[in-house]
Each structure stands twice: as C-alpha cells, then as structure tokens.
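Below is one structure, written out as structure tokens; comments come after it.
The values are calculated or read from the model by the stated rules, or taken from the named source; none is laboratory data. Everything numeric in this text was worked out from a predicted model, so none of it was measured. Ideal geometry is used to build each Cβ from the backbone, glycine not excepted, and the neighbour counts take in all protein chains shown. In case anyone asks, the SASA skips ligands and DNA or RNA and just uses the protein heavy atoms, side chains included. Shrake-Rupley method; radii C 1.70, N 1.55, O 1.52, S 1.80 Å.
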Amino acid sequence: MPLFERMVIAGVGLIGGSLGLVARGRGLVRDVTGYGRGVGNLEAALARGAIDRYSTDPAEAARGADLVVLAVPVRSLAPVADSLLAHAAPHAVVIDVGSVKATVVEALERRVRPPAAFVGCHPIAGTEHSGAANALADLFEGQLCVLTPTAATDARALERVCALWEAVGMRVESMPAAEHDRLLALVSHLPHVVAYALLGAIEGERVASRDPLAYSGGGLRDTTRIASSHAEMWRDIFLDNRSEVLRTIDEFGTVLARLRGLVESDNAAALEAELGRIRMARGRLGDSARTSRAPTKT
C-alpha cells in the first residue's frame, strides 16, 4: 500500500533523485514527477528511473500532488514552494530536505496552511557529488533523518513523513530546529568551511614555480573531498545558518591558535598530548560515514 499517491520532487539532484529511486522501487508512492530548471538533469532523472515524468512548469508538475518534496538550495525553498503549492492537492504534505532548519521551518510554516501540512526534514546522507546522475538507491540506508516538528505541526502528517523516511531505510529522530542547526554547524557546516578554506590556502601557492596540488597524496584528497560539493547549496547553508556557522568558525580558530602556539613554542610534550587527545575523539565517529563512490545501477 503506497504511503502517498503522487509525489512531486522539486530539485531532482542527489537527495531528491535518490528519494525518487527508492520510493518508486519500493512502491512507497504511485507516481513521481520531477520539477526543476535544467532539462538535462531531469532527463537524467528519468533515465535513472528516479521519476515517472518531469515538467519545468510548476502548475503541471505539482497538479494533484499529495506529497511535495522541496530538495532545492535553502534560499530557493520559499519561492519554489510558492510556485508549487497553489497547484498541489489541498491536503498535500510538504517536506524539505535542507541542512538548515530554523529559518526554513519559520518560512514554510507561514506558507503551508491547513489542510496542507509542512514537516521540516533533514536526511543526513549524501556524497560530495550532485545531480540526478549520482542518485543512489541505497543512499539513505541506515542513516539518520532529523525531523523538526513544532507545536503547529500536524500529527498525522508527521506520522506519515516519519513512515516515509523509515521506509527508505533511515533512522528518524525529532528535535527543535535550533538544536539541529547548532549540531549540524559543528559536524557538517564547519567541516565544509574548513575544507574550502584549506584548498583556498593552498591552490594559489607556488614553490619554485611548482603547483603544490600536483604533489599531494591521499591526506589532502580525503580532507578536502567535500570541497567538491555544490557551491550554490553551501552558499545558502552558510548564510542561512550564519550565527551558528560563525560561532563554530570562532571555536575552530581558538583550537587552531592553540595548536599554533604549541608549534611556535616547540613544546613537544604538550603538542603530542593535544594531538593524542584529539585523536581519541576521532574514534567516536565510528565507521558509519559514507565514502565517495559511484552510483548504484538500477
């Protein structure tokens, strides 16, 4: 029995495309329509089996949809929602998949009015790749999805959305949007800032006319892998979660200054102790992180 009859996915990229793949593959929805700006990406989504059809016209794409998935950059969520909601089913459930929640929940709860319902979602899954061509049928398997309901969230819609994410293989946890934004600033947004900054500090340097990047090994590739991520998406995340991102940058700067001081003072014992302490924390990450890989054939 499908959870929804007709799903429209606005932004059929890595997350939206992967959701379409698994939802269609597991019979969670009867029909999936893709909506977006780029016909090439929509054609790729169709070829991959992530959608049944597509349209670049919001009225055609959303007509009768009882599930509206907003998988576009954070600062595009509100205008895209405005373009689709007038054409979706009156009782439609609307979800987003953004990495920032407080500003998104506030904006979309103003727009999505009963009998329609909005549930803020963040499926914490992905790779540094983007686009429908990189969609993965098992992207969500075993990963965490955070829901950010409020006092205004419709209980039945929340139940159905929770069932959807569980059906695609995710563990589901609910928390306030502000707590989500603080957590994700630490474990996702700051690492992206650091990866971009690290490459930015190196890419313009030359040593006797040699490009340092030509001499890099696996360490630099591993550390900066996420700097290959979609620039528009991360621009919006940094800006919409600005206060938390700035706080984590300052916290990172404090640790960096401490390490610099230990190096400058040639304090071998203290430096080793600090590196060892941080190394122990690294072990708490476990081995559940998804590494870069090619799309699964479907």
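What the table below lists for this structure:
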item: Solvent-accessible area per residue for segment 1-104 (1.4 angstrom probe, square angstrom); result: 35 Å²
item: Rounded D (µm²/s) - segment 78-125, Kirkwood Rh over Cα pairs, Stokes-Einstein at 20 °C, 1.002 mPa s; result: 194 µm²/s
item: All-pairs alpha carbon distance profile, segment 36-186, 5 Å steps from 0, percent; result: 2, 9, 18, 22, 23, 17, 8, 2, 0
item: Kirkwood Rh in Å, taken over the chain so that all alpha-carbon pairs contribute; result: 20.6 Å
item: Peptides ranked, highest mean first, by Cβ atoms within 10 Å: ranges 246-255, 17-26; result: 17-26, 246-255
item: Diffusion coefficient, µm² s⁻¹, Stokes-Einstein with Kirkwood Rh over alpha-carbon pairs of segment 30-91 at 25 °C and 0.890 mPa s; result: 206 µm²/s
item: Helix axis angle, 268-282 relative to the chain longest principal axis, alpha carbon, degrees; result: 20 degrees
item: Shape parameters for segment 1-66, alpha-carbon atoms, Rg then Dmax in Å; result: 10.5, 32
item: Efficiency of FRET between Arg260 and Arg156 - r from beta-carbon atoms, R0 45 angstrom, step 0.05; result: 0.25
item: Paramagnetic label zone (point 7 Å from Cα along Cα-to-C-beta, Arg30; backbone N under 16 Å) in segment 37-59; result: 52-53
item: Percent accessible area from carbon and sulfur atoms, segment 79-182, protein chains only, probe 1.4 Å; result: 54 percent
item: Per-selection Kirkwood Rh - segment 143-298 (Cα, Å, 1 d.p.); result: 19.1 Å
item: Of the chymotrypsin sites (Phe, Trp or Tyr not before Pro) in segment 27-136, those whose Cβ has at most 16 other Cβ within 10 Å and which sit in DSSP loop; result: none
item: Segment 112-212: trypsin sites (Lys or Arg not before Pro) in DSSP coil with no more than 14 other Cβ atoms inside 10 Å; result: Arg206
